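Q: I'd like to ask some things about the structure below.
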Amino acid sequence: MSSDEICMLYHGLLLPKETHSTESLKFVQEYTFKDEDVVAVTYPKSGTIWMQEILPLVLNGGDLTPIQTIPNWDRVPWLEEKRLAVVVDQLPSPRALVTHFPYHLMPPSFHASKAKVIYVMRNPKDVMVSSYYFHQMAGFLMDPGTFDEFMAKFLEGRVLFGKWTDHVKSWRHTELGDRIMYITYEEMVQDLPAALRSLSDFLGSNLSEEVIQKIAEHCSFKTMKVNSMSNFSLVPKVLMDSDKSPFLRKGVVGDWKNHFSSEQLARFTSVIRKEMEDESFPLPWSLD
Ligand code: A3P
């Protein structure tokens, strides 16, 4: 299949047709945000499904029912995807959503509301590696080609949702004030209970230490990997083939070191560094 058959272009961004449509993108622009809505924002492969596991539990006091009975895509739907229209009326309050949209594509009602945002950022080298394997297992996406070819596409933004640097920068320059919290995938890997405490404080959930530990246990990589509501095993193999690469693949920090040659590292670093040079916000990892 050609890339035109697989993807659509929306404001210059490539989106997979399997999960997105002109109707779904119209639906989101007309979606009415409520003040109590919570939206986790990620560039793809930065920890989206992890937040789909965490958010319902942080918002409901640790009741495991949603993560044990509802697939992640219906439990915390993607704002821009087709499923939102199907499940929107069944979402409990406060509603939790995820999105890969850059800031400027958020619908008008989002800006008028007091909905809170959690922006999850991940080291772009690990994002690229994770995405490379994801493209191998996802039958509804383009073949990634060689690792080197995929790196070139990633750096030029010829990948889903465009350039990593544009996405990160767009969500740093907002007028959201204390409506947005920034967290990194790496912090979550390093100390999940600490990350959960910060999320609980930000969302006003007031969770006890006992509940924090319970949520951390149920949102661990090991537990999520065997949760059929979260590991995409319910999806037909033709769309997602975990024999090629499981969706919950490694769940570690620094897997890029097993993939980048020194030449690729130099190329990758120089592009990202240049595009981030005018940014004042600190990155929680070294670009080298
Ligand atoms: P890897 O491919 O590096 O293993 P997204 O949900 O945004 O598509 O991101 C997918 C990445 O998040 C995958 O990375 C996946 O393994 C990782 N991930 C998902 N749940 C995780 C968890 N509980 N702990 C650590 N990593 C997790």
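Values quoted throughout were computed directly from the atomic coordinates according to the rules given, and no laboratory measurement underlies them. Fair warning: this is a prediction, and the values are worked out from it, not measured in the lab. Reconstructed Cβ throughout: ideal geometry from the backbone, glycine too, with neighbour counts over all protein chains shown.
Q: Taking region 226-261 as the region of interest, how many residues are of a type in the set (Ser, Thr, Tyr) and within 17 Å of the chain's Cα centre (by Cα)?
A: 1
Q: Same structure again: Return the residues of region 250-262 that are assigned to a loop (DSSP other than H, G, I, E, B), under 19 Å from Thr146 (Cα atoms) and within 12 Å of the ligand (Cβ to nearest atom); say none if nothing qualifies.
A: Across region 250-262, the qualifying residue is only His259.
Q: Of all the residues that make up region 1-53, how many are of a type in the set (Ser, Thr, Tyr) and assigned to a loop (DSSP other than H, G, I, E, B)?
A: 7
Q: Which count do you get for residues in region 89-98 that are surrounded by 23 or more Cβ atoms within 10 Å (Cβ to Cβ) and touching a residue at least 60 places away in the same chain (Cβ under 8 Å)?
A: Residues in region 89-98 being surrounded by 23 or more Cβ atoms within 10 Å (Cβ to Cβ) and touching a residue at least 60 places away in the same chain (Cβ under 8 Å): 1 in total.
Q: Among Met151, Met224, which is the only one that is over 30 Å from Glu279 (Cα atoms) and of a type in the set (A, V, I, L, M, F, W, C)?
A: Sole residue among the options that is over 30 Å from Glu279 (Cα atoms) and of a type in the set (A, V, I, L, M, F, W, C): Met224.
Q: Test each condition in (1) touching a residue at least 40 places away in the same chain (Cβ under 8 Å); (2) under 19 Å from Leu141 (Cβ atoms); (3) surrounded by 19 or more Cβ atoms within 10 Å (Cβ to Cβ) for Trp73 and report the one that comes out false.
A: The failed condition is (1).
Q: Return the total of residues in region 172-201 being more than 19 Å from the chain's Cα centre (by Cα), within 25 Å of Val253 (Cα to Cα) and hydrophobic (A, V, I, L, M, F, W, C).
A: Within region 172-201, residues that are more than 19 Å from the chain's Cα centre (by Cα), within 25 Å of Val253 (Cα to Cα) and hydrophobic (A, V, I, L, M, F, W, C) number 1.
Q: Of everything in region 225-243, what is part of a loop (DSSP other than H, G, I, E, B), surrounded by 14 or more Cβ atoms within 10 Å (Cβ to Cβ) and not hydroxyl-bearing (Ser, Thr, Tyr)? Give them in sequence order.
A: Asn227, Met229, Asn231, Phe232, Val235, Leu239, Asp241
Q: Look at Lys163 and say whether it is surrounded by 18 or more Cβ atoms within 10 Å (Cβ to Cβ), within 28 Å of Gly254 (Cα to Cα) and either acidic (Asp, Glu) or touching an Asp or Glu at 6+ places or on another chain (Cβ under 9 Å) (or both).
A: yes
Q: What's the total number of residues in region 102-118 that are crowded, with 23+ Cβ neighbours inside 10 Å and within 16 Å of the ligand (Cβ to nearest atom)?
A: Total satisfying the criteria: 1.
Q: Consider only pairs whose beta carbons are under 9 Å apart and that are at least six residues apart or on different chains; among these, list those whose first residue lies in region 39-67 and is without any contact (Cβ under 8 Å) to a residue 60 or more places away in the chain and whose second residue is among the polar types (S, T, N, Q).
A: Filtered contacts from region 39-67: Pro56/Thr65; Asn60/Ser205; Pro66/Asn60.
Q: Could you list, in sequence order, all residues of region 200-224 that are near the ligand (Cβ under 10 Å from one of its atoms) and either more than 15 Å from Met188 (Cβ to Cβ) or outside any loop (DSSP other than H, G, I, E, B) (or both)?
A: Within region 200-224, Ala216, His218, Phe221, Lys222, Thr223, Met224 meet the criteria.
Q: Still on this structure, please answer the following. Restricting attention to region 225-249, and to residues there that are more than 11 Å from the ligand (Cβ to nearest atom) and touching a helix residue (DSSP H, G or I) at 6+ places or on another chain (Cβ under 7 Å), which single residue is nearest to Phe140 (Cα to Cα)?
A: Residue satisfying both the conditions and the ranking: Met240.
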